[in-house]
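Report on the following structure.
Rule-based calculations on the coordinates, nothing more; no lab input. This is a predicted model, so every value here is computed, not measured. Cβ sites come from the backbone with ideal geometry, for glycine too, and all protein chains shown count toward neighbours.
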Amino acid sequence: MDDWVYHLSLLGRADNRLRRMRTDGTDNAQLDEYIVSSEVFFSDGRIFYQTGSTETAGIWSLGIDGTDKFLLECRDLYYIYAIEDGWIYYQSRPTQFTQGDVGDWYEVQGNIHRMRTDGSDKREIAF
């Protein structure tokens with residue numbers, strides 16, 4: 001994007017750091033100090049991603065130049081599905097486990113939510 005390559009550096013098995021570098025390989029820089037999930041989304045000149053740490057868990061919004069970073073309030077986040085037309089679609093954390101007939105445990109999936117890319121207008125859209 002705009003002569004930059006955005007990528008995750010694999011420093012360890014579960015240690016992804018968001019980075020960017022120029023397409024010629026120069027100016028390689030880390031954009032976030034936290035562990036980032038394996039998916040990164042781009043929308044309206046911003047980068048959106050999920051962090052894996054419970055201390056920093058949530059959806060982060062970051063300018064594509066690495067500035068203006070902020071956390072979107074989303075304590076129940078489990079997985080980001082998509083960012084489309086100014087909306088972030090995500091699944092909330094599973095809420096419970098139930099035991100099946102044969103002694104197996106089944107996870108009850110979380111609900112599907114959406115919110116604006118600025119963190120406003122959060123609502124449940126499917127359960």
Under a 5 Å amide H to amide H cut-off, with H placed in plane at 1.01 Å, what residues pair with Lys69 once short-range neighbours are removed?
-> Gly63
Cut-off 11 Å between beta-carbons: net charge of the residues surrounding His7, Lys and Arg +1, Asp and Glu -1 | +3
With x for Gly and Pro, the residue-by-residue ³J(HN,Hα) of the range 25-32, computed from phi through the Karplus equation 6.51 cos²θ - 1.76 cosθ + 1.60 at θ = phi - 60° and given in whole Hz, is x, 8, 6, 6, 9, 7, 9, 9
Pseudo-spin-label distance Glu124 to Lys69, built 7 Å along Cα→Cβ, given in nm, is 3.3 nm
